[in-house]
There are 2 protein chains.
Amino acid sequence: MSKVFVNIGLSLDGYMAPEGMTMDNPEVKNWGAKWGALMAWLLRQQYFREKLKFGPGGETGPVNDMVRHTMERTGANIMGKRMFEQGEATWPEEAPFHTPVYVLTHDKREPWVRPGGTTFHFINDGPERALQLAREAAGHRDIRISGGADVIQQYLNLGVVDELEIALAPVLFGGGRRLFENLSEPGPQFRIDRVLHGPAATHLRYVRQ
Amino acid sequence: MSKVFVNIGLSLDGYMAPEGMTMDNPEVKNWGAKWGALMAWLLRQQYFREKLKFGPGGETGPVNDMVRHTMERTGANIMGKRMFEQGEATWPEEAPFHTPVYVLTHDKREPWVRPGGTTFHFINDGPERALQLAREAAGHRDIRISGGADVIQQYLNLGVVDELEIALAPVLFGGGRRLFENLSEPGPQFRIDRVLHGPAATHLRYVRQ
């Protein structure tokens, strides 16, 4: 059966996004530099550079293979309303998912078809319904809980996250959106599955026990 | 010159101690099991077992070497009042530090000499004064900021922590005392120095940039 997975970057102090992060003001609490430090490892990978047309070159190796595998394994994405709205304003016309994307929202809206295989579906019936639809769409491929933090927390609390992949970057944000909050008791149980090294992030992979 | 270092266990969700952790009630929010999961890696190490008279056997290897090195390098400890008070009630007569220990507190109290080389000094003049005294006492050895979280935060904000060693355990506490809070802007800057693997913790070592 399809796996449900999370694959995110995290600051050493546990934030997915720095405080003040809005596209219209990159100077607030220096969020641009913080975000850059969080994502530095990814921008170096050959597969990512190729996909985003950043030019030739880049690292190859286990981290690059992991980035490629993450993209190739994904048959459907689930995201929150805020992540969608931020992306709607900034993604290129060919949105970077190339799968059905289920957006958790109270807004009623027809599916939004983008070139390149991304179609956004707006789900008003909660995270379990979105997961059901994502499973049907993903076929033998896997389902990525893309974010934000609140959506990941909802799926952690449902106990359905099979794999938690974290690129832990050596940067302190000092504030922002925490990944791990609002977890119910008892929380989900994970074991360490694999750790990959890099100079700009440590790639931690946990699987559900 | 002596290094100032932190060496702690941390839950995957960023807590140094689970919520409800008091010796008189191990059942509150299941803190005993959570604490056990956090410390499982340490209880397996040969050096730790020998020092605490847990009996023969135990793991040898790079993690065990790290535990020994942490003890041997330490020439002075600094801790907060709450950590001291919890320990005062639970440490054996031969307190497990074997160095001078500087306790940040508003209480005035004469030094408390324990068998085995541990003497507690009660410092009323703030963290910088405690660090100065610890440096003088440590000689060529290093100074460990033992905890709790609030004391580590104070030294992070002073910009004097040279090395941050974290044993990240795959357990979610869901609440408790967070390591990374109350950091000032801009925060201290670290780079990844070394990562050691283990089945029950990932040993992350960061050094100040």
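Taking only DSSP H segments of four or more residues, each worth -39500 (n - 2.57), what value at 222 nm results for the protein assembly as shown once the sum is divided by all its residues, to the nearest 500 deg cm²/dmol?
Taking each H run of at least 4 residues, the total per residue is -9000 deg cm²/dmol.
May I ask you to give the average projected area over all directions of the convex hull of the Cα atoms of segment A:43-158, in nm² rounded to one decimal?
Over every viewing direction, the Cα hull of segment A:43-158 projects on average to 7.7 nm².
Please give the net charge around residue B:124, taking every other residue with its beta carbon less than 15 angstrom from that of residue B:124, where Lys and Arg add +1 and Asp and Glu add -1.
Once all neighbours under 15 Å are counted, the net charge is 0.
Say each of residue A:39 and residue A:70 gets a label point 7 Å from the Cα, pointing the same way as Cα to Cβ; how far apart are those two points in nm?
My value for the distance between the label points is 1.2 nm.
Put a dot 7 Å past each Cα toward the Cβ at residue A:136 and residue B:184; how far apart are the dots in nm?
5.7 nm
Run down the aspartates and glutamates and flag those whose C-alpha is under 15 Å from the C-alpha of residue B:51, throwing out any fewer than 8 positions away in its chain.
Residue B:51 reaches B:59, B:65, B:72, B:93, B:94.
For a label point 7 angstrom out from the Cα of residue B:193 toward its Cβ, which stretches of segment A:171-198 have the backbone nitrogen within less than 17 Å?
Label zone hits: A:171-172, A:198.
Only bridges whose two residues both fall in chain B count here: according to DSSP, what percent of them are antiparallel, nearest 5?
About 40 percent, rounded to the nearest 5.
Would you list B:202, B:90 from the most to the least accessible area, probe 1.4 Å?
Solvent-accessible surface, decreasing: B:90, B:202.
What is the average number of partner chain Cβ atoms found within 10 Å of a Cβ in B:185-192? If you can, show how the numbers build up before the last one.
On the way: counts 7, 6, 9, 2, 4, 4, 4, 10.
Going residue by residue through B:185-192 and averaging, the value is 6.
If eta is 1.567 mPa s and T is 4 °C, what Stokes-Einstein diffusion coefficient results for segment A:68-112, Kirkwood Rh from Cα pairs, in µm²/s?
Approximately 112 µm²/s, per Stokes-Einstein.
In whole Å, what are the Cα extents of segment B:117-174 along the three principal axes, biggest one first?
Projected onto the principal axes, the Cα atoms of segment B:117-174 cover 38, 23, 22 Å.
What total accessible area, in Å², is buried where chains A and B meet, using a 1.4 Å probe and rounding to the nearest 100?
Working: alone 10980 and 11020 Å², together 19620 Å².
Adding both sides of the contact gives about 2400 Å².
Quick one: 3J(HN,Hα) in Hz for segment B:27-44, Karplus 6.51/-1.76/1.60 with θ = phi - 60°, rounded, Gly and Pro as x.
Going residue by residue, I get 8, 5, 6, 6, 5, x, 5, 5, 4, x, 5, 5, 9, 3, 4, 6, 5, 8 Hz, with x marking Gly and Pro.
Give, as a single signed number, the net charge of other residues whose beta carbon lies under 12 Å from the beta carbon of residue B:204, with Lys and Arg counted +1 and Asp and Glu -1.
So the environment of residue B:204 carries a net charge of 0.
Note the distances from residue A:119 to each other copy's matching label point, with points 7 Å along the Cα-to-beta-carbon direction, in nm, sorted shortest first.
Here the equivalent label points are 7.7 nm apart from this one.
Given H placed on each backbone N at 1.01 Å, which residues far from residue A:75 in sequence or on other chains put an amide H within less than 5 Å of it?
Sorted by chain and number, the residues that satisfy this are A:142, A:143, A:144.
May I ask which residue of chain A has the beta-carbon nearest to the axis carrying chain A onto chain B, and at what distance in whole Å?
For chain A, the closest residue to the axis carrying it onto B is A:14, 2.
From Cα pairs below 8 angstrom and at least 6 apart in sequence, can you work out the relative contact order of chain A, rounded to a whole percent?
Taking the mean separation of contacting Cα pairs over the length of chain A, I get 31 percent.
I need the phi-derived Karplus couplings for segment B:143-150: 6.51 cos²θ - 1.76 cosθ + 1.60, θ = phi - 60°, integer Hz, Gly and Pro marked x.
Values per residue, Gly and Pro as x: 10, 9, 8, 7, x, x, 3, 5 Hz.
Can you send over the carbon and sulfur percentage of the accessible area for chain B, probe radius 1.4 Å, protein chains only?
51 percent
Could you tell me the distance between the Cα centroids of segment A:124-155 and segment B:18-75, to the nearest Å?
Spelled out, the Cα-based centre of one part sits 38 Å from the other.
Using each residue's phi in segment A:136-142, evaluate 6.51 cos²θ - 1.76 cosθ + 1.60 at θ = phi - 60° and report the 3J(HN,Hα) Karplus result to the nearest Hz, with x for Gly and Pro.
Whole-Hz 3J(HN,Hα) from phi for segment A:136-142: 5, 6, 6, x, 7, 7, 9.
Within 10 Å, at most 14 other Cβ atoms, and a DSSP state outside H, G, I, E, B define an exposed site. Report the longest part of chain B free of exposed trypsin sites (Lys or Arg not before Pro).
It works out to B:110-209.
Could you give the Stokes-Einstein D for chain B in µm² per second, using the C-alpha Kirkwood radius, 37 °C, 0.692 mPa s?
In µm²/s, the coefficient rounds to 185.
Any chance you could run the full-extension gain for residue A:107 through residue A:94? It's 0.36 nm times the residue separation minus the Cα-Cα distance, nm to one decimal.
Details: separation 13, 0.36 × 13 = 4.68 nm, distance 2.27 nm.
Stretched fully, the residue A:107-residue A:94 segment lengthens by 2.4 nm.
In the P(r) worked out for segment A:88-134, what percent of Cα pairs fall beyond 13 Å?
Above the 13 Å cut-off, segment A:88-134 has 54 percent of its Cα pairs.
So in the protein assembly as shown, what percent of DSSP beta bridges are antiparallel if you round to the nearest 5?
Of the beta bridges lying entirely in the protein assembly as shown, close to 40 percent run antiparallel.
Could you order A:10, B:43 by accessible surface area, starting with the largest, using a probe radius of 1.4 Å?
Details: A:10 10, B:43 75 Å².
Accessible-area ranking of A:10, B:43, largest first: B:43, A:10.
How well do other chains shield peptide B:161-168, expressed as the mean number of their Cβ atoms within 10 Å of each residue Cβ?
Mean inter-chain Cβ contacts per residue within 10 Å come to 1.
I need the fraction of alpha carbon pairs in the protein assembly as shown separated by more than 29 Å, rounded to a whole percent.
50 percent
Once you mark the GluC sites (Glu not before Pro) that are in a DSSP loop and have at most 12 other Cβ atoms within 10 Å, what is the longest gap between them in chain A? Working shown, then result.
Numbers: sites that count: A:27, A:93, A:94.
Between exposed loop sites, the widest span is A:95-209.
Where Lys and Arg each count +1 and Asp and Glu each count -1, what net charge lies around residue A:95 among other residues with Cβ under 10 Å from its Cβ?
My count for the surroundings of residue A:95 gives -2.
The values are calculated or read from the model by the stated rules, or taken from the named source; none is laboratory data. Keep in mind the model is a prediction, meaning the values are calculated, not measured. Note: ideal-geometry Cβ built from the backbone for every residue, glycine included; neighbour counts use all protein chains shown. Just so you know, the surface numbers come from the protein's heavy atoms only, side chains and all, with ligands and any DNA or RNA stripped out. Shrake-Rupley method; radii C 1.70, N 1.55, O 1.52, S 1.80 Å.
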